[in-house]
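J.: First, the structure itself, so that you have it in front of you.
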């Protein structure tokens with residue numbers, strides 16, 4: 001039985017960066033297979049060997065930037081879905097309301113009908129913010 005890997009093999013950096021730059025979905029299983037490492041050992045390397053973890057994170061950043069570039073190009077070409085994705089992922093703009101926001105509830109309470117005499121009293125009372133108004137006669 002071969003000895004288990006303790007860190008990524010030589011050439012891992014070039015391989016990971018080339019796959020990441022292509023933007024075709026850099027996954028742990030794809031990387032492990034491409035490097036000739038069993039998946040469980042690859043995951044253990046990432047967990048236990050900080051330089052390998054930094055390399056993996058860096059490759060994932062390269063892939064993310066390649067994907068964002070593709071989305072930007074699609075958006076610039078008029079793809080509305082790509083534009084929505086970029087706005088949501090880069091700027092937090094979305095059409096949905098956040099779950100943390102309380103729903104808005106507006107209630108309008110209108111008075112029942114008043115006799116004409118009551119309306120005249122209300123309209124002739126002095127208001128602080130507006131001059132008194134005269135009730136207009138409505139032709140019948």
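J.: By its C-alpha gyration tensor, with a ≥ b ≥ c as the square roots of the eigenvalues, how is the range 12-91 shaped: rounded for a/c under 1.5, else prolate for a/b larger than b/c, else oblate? Write down the numbers at each step before the final one.
T.: Values: a/c = 2.99, a/b = 2.45, b/c = 1.22.
The shape class here is prolate.
J.: Another question, if that's okay. Between residue 3 and residue 90, what is the label-to-label distance in nm when each label sits 7 Å out along the Cα-to-Cβ direction?
T.: 4.8
J.: For residue 29 and residue 66 in the same chain, what is the full-extension length gain: residue separation times 0.36 nm, less their Cα-Cα distance, in nm? If you can, show how the numbers build up before the last one.
T.: Values: separation 37, 0.36 × 37 = 13.32 nm, distance 1.98 nm.
Full extension of this stretch gives 11.3 nm more.
J.: How do 71, 60 rank when sorted from fewest to most other Cβ atoms within 10 Å of their own Cβ? The partial results should precede the final answer.
T.: Values: 71 18, 60 15.
Ordered by Cβ neighbours within 10 Å, fewest first: 60, 71.
No lab work stands behind these numbers, since they all come straight from the coordinates. Quick caveat: nothing in here was measured; it's all calculated off a predicted structure. Cβ coordinates were reconstructed from backbone atoms using ideal geometry, including for glycine residues, and neighbour counts include every protein chain displayed.
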